[in-house]
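Only one structure is covered here, and it is reproduced in the block below.
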Amino acid sequence: MGGFFGTALKTDCVMDLFYGVDYHSHLGTRRGGLAVHGEGGFNRAIHNIENSPFRTKFEHDVNDMQGNLGIGCISDFEPQPLLISSRLGSFAITTVGKINNYEELVQELYQNEHAHFQEMTNGQINITELVAALICRKDSYVEGIRYVQERVDGSMTFLLMTKEGLYAARDQFGRTPLVIGVKKEGFCVSFESHAFFNLGYKPYKELGPGEIVYITPEEVTVLKEPGDKMKICSFLWVYYGYPTSNYEGVNVEQMRYRCGSMLAKRDEGKVEPDLVAGVPDSGIAHAIGYSNEAHVPYGRPFIKYTPTWPRSFMPTNQNKRDLIAKMKLIPVEALIQGKKLLLIDDSIVRGTQLRDTTAYLYENGAKEVHIRPACPPLVYGCKYLNFSRSKSEMELITRRVIEKREGPNCPQEILDEYTDPTSERYANMIEDIRKTLNFTSLRYHRLDDLLDSIGIDPCKVCTYCFNGKE
């Protein structure tokens with residue numbers, strides 16, 4: 001994933017930029033970056049943040065930076081922002097998204113005399129540099145930004161900073177958010193709506209799908225009106241989003257309470273746990289919603305050790321991820337021994353971590369462990385936002401179970417049955433997962449309930465990873 005923040009102020013913007021970017025630290029763990037423009041021109045810093053928080057790595061850089069325009073990011077993949085010198089002028093750029101037609105676009109640029117790319121990440125051209133190259137094919141920034149929105153298959157939301165102001169463009173179908181804040185000194189633009197409140201900004205405008213704006217310290221100018229089709233990612237509420245953020249007017253924390261409440265209503269007293277708990281951090285609010293609805297005590301049978309494991313994301317290496325998942329959580333034996341526990345996690349991807357967490361609870365004396373994921377089964381890999389780190393759909397536990405039952409190359413009409421919570425195949429899949437992961441019981445959130453939990457027009461929400469529908 002990733003997130004970004006930008007500022008355009010009449011005064012120095014560096015500290016606002018520093019703290020605004022830091023408020024996106026929950027969205028990635030690999031790299032952070034800042035770029036500013038002032039009297040001395042462009043200045044940039046990029047650091048690896050895998051082993052240290054963003055603030056620690058950048059606290060010295062901000063002392064050497066000055067400017068009234070700035071953009072910065074937390075990136076789970078590419079080093080960014082990038083500084084670009086082009087025929088359109090010099091600019092800085094940062095992106096959030098995924099490009100499925102990457103090879104096609106690269107070859108197209110080569111064929112049109114684009115000589116080379118400089119930035120490489122894990123053997124691939126840096127996606128942000130690819131976007132910059134596409135923009136520079138056109139005769140103006142606005143034309144170039146429109147061109148990117150039209151050509152990218154996947155999603156792409158980004159900020160572009162020139163010497164005079166910021167261009168902000170939301171993904172063509174609004175798969176990721178973009179919101180503007182205002183105060184007397186100027187404006188900011190942010191992926192997360194909560195990132196600017198403590199900096200003195202008030203909400204000014206939430207960009208619509210495909211909308212493009214130009215931001216200076218004095219004003220915000222709409223360069224392209226929003227489109228009428230939106231497919232915002234449902235996982236922003238279920239998992240990615242920080243509890244204090246709002247997307248399309250819907251608060252993350254409140255949505256998770258509703259989600260947990262609906263999970264409890266579907267159970268209808270079929271299980272009688274002694275305690276309801278959420279897997280830290282994203283499962284906690286879902287569990288509170290369940291607890292309030294079911295009138296079952298909420299508790300914390302294990303505590304996340306935040307002094308050294310404060311962040312929710314983990315290394316890309318799966319073995320390290322599994323180890324850290326265990327190291328982060330310390331059991332409270334008094335709340336586990338002899339107890340029937342109902343545990344809510346945001347999702348089940350591979351199943352490895354939740355299987356180990358369940359084993360961990362049994363080892364510490366749990367009598368029963370009931371699992372309630374806060375979203376439907378993940379049957380398709382995300383095409384738009386790199387939701388999971390799975391390299392293929394066969395890493396999903398659902399697809400492994402389906403392949404075991406149906407063999408390889410399962411027909412689409414059969415896959416459709418596995419996404420229907422009323423079908424026999426769906427019930428068989430859930431039971432196979434329950435046995436594999438050693439849960440006492442397992443019941444996923446239904447897709448219709450998830451959409452009701454979010455509460456906006458279902459046609460505006462992306463549910464591809466659950467049902468394969470665009």
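The values are calculated or read from the model by the stated rules, or taken from the named source; none is laboratory data. Every value quoted in this text rests on a predicted model; they were computed, and no experiment measured them. We place every Cβ from the backbone using ideal geometry, glycine too, and count neighbours over all the protein chains shown.
Observations
- Some residue of segment 98-119 being in contact with a Phe, Trp or Tyr (Cβ under 9 Å, 6 or more places away or on another chain), acidic (Asp, Glu), farther than 30 Å from residue 458 by Cα and part of a helix (DSSP H, G or I): no
- Residue that is nearest to the chain's Cα centre (by Cα), among those in segment 19-44 that are assigned to a helix (DSSP H, G or I) and farther than 18 Å from residue 83 by Cβ: 27
- Matching residues, segment 153-170, being surrounded by fewer than 23 Cβ atoms within 10 Å (Cβ to Cβ) and β-branched (Val, Ile, Thr): 162
- Output for segment 1-40, where each listed residue is within 19 Å of residue 216 (Cβ to Cβ) and either out of contact with any Gly (no Cβ under 9 Å at 6 or more places or on another chain) or among the charged types (D, E, K, R) (or both): 10, 12, 16, 39
- In segment 458-470, the residues that are assigned by TED's automatic domain parsing to the domain that holds residue 393 reach residues that are among the β-branched types (Val, Ile, Thr) and part of a helix (DSSP H, G or I) with C-beta atoms within less than 7 angstrom, at least six apart or across chains, in these pairs: 461/454.
- The condition of being outside the structural domain of residue 176 (by TED's automatic domain parsing) and either farther than 20 Å from residue 432 by Cβ or modelled with pLDDT of 95 or more (or both) holds for only one of 351, 365, that being 365.
- Residues located in segment 45-68, provided they are without any contact (Cβ under 8 Å) to a residue 40 or more places away in the chain and not in a loop (DSSP other than H, G, I, E, B): 45, 46, 47, 48, 54, 55, 56, 57, 61, 63, 64
- The number of residues in segment 418-427 that are surrounded by 15 or more Cβ atoms within 10 Å (Cβ to Cβ) and either of a type in the set (A, V, I, L, M, F, W, C) or in a helix (DSSP H, G or I) (or both) comes to 3.
- Single residue of 252, 220 found to be in the same structural domain as residue 385 (by TED's automatic domain parsing) and either hydrophobic (A, V, I, L, M, F, W, C) or surrounded by 20 or more Cβ atoms within 10 Å (Cβ to Cβ) (or both): 252
- Within the option set 113, 129, being among the charged types (D, E, K, R) and touching a Leu at 6+ places or on another chain (Cβ under 7 Å) holds for one residue only, 129.
- Number of residues in segment 385-400 that are surrounded by 21 or more Cβ atoms within 10 Å (Cβ to Cβ) and at pLDDT below 90: the value is 2.
- Members of segment 77-86 that are in contact (Cβ under 8 Å) with a residue 40 or more places away in the chain and over 21 Å from residue 29 (Cβ atoms): 83, 84, 86
- Test: residue in segment 433-448 that is polar (S, T, N, Q), touching a Lys or Arg at 6+ places or on another chain (Cβ under 6 Å) and outside any loop (DSSP other than H, G, I, E, B): no
- Of all the listed residues (417, 424), the sole one being under 26 Å from residue 232 (Cα atoms), in contact with an Asp or Glu (Cβ under 9 Å, 6 or more places away or on another chain) and modelled with pLDDT of 95 or more is 417.
- Qualifying residues in segment 158-169 (those that are out of contact with any helix residue (DSSP H, G or I) (no Cβ under 9 Å at 6 or more places or on another chain) and in a loop (DSSP other than H, G, I, E, B)) - the one nearest to residue 98 (Cα to Cα): 165
- Test: residue in segment 231-238 that is assigned by TED's automatic domain parsing to the domain that holds residue 280, in a helix (DSSP H, G or I), touching a helix residue (DSSP H, G or I) at 6+ places or on another chain (Cβ under 9 Å) and of a type in the set (Phe, Trp, Tyr): no
- Considering 89, 70, 2, the condition of being of a type in the set (Gly, Ala, Ser) and farther than 23 Å from residue 134 by Cβ is satisfied by 70 alone.
- Residue list for segment 449-470, filter: under 16 Å from residue 379 (Cβ atoms) and either out of contact with any strand residue (DSSP E or B) (no Cβ under 6 Å at 6 or more places or on another chain) or surrounded by fewer than 18 Cβ atoms within 10 Å (Cβ to Cβ) (or both): 450, 463, 464, 465, 466, 467, 468, 469, 470
- Here is the figure for segment 241-280: residues that are assigned to a strand (DSSP E or B), under 30 Å from residue 209 (Cβ atoms) and either at pLDDT below 95 or aliphatic (A, V, I, L, M) (or both) total 1.
- Selection count where residues are in contact (Cβ under 8 Å) with a residue 40 or more places away in the chain and surrounded by 14 or more Cβ atoms within 10 Å (Cβ to Cβ), scope segment 87-112: 12
- Scanning segment 453-469 for residues that are closer than 17 Å to residue 384 by Cβ and touching a Lys or Arg at 6+ places or on another chain (Cβ under 8 Å) yields 460, 461, 462, 463, 464.
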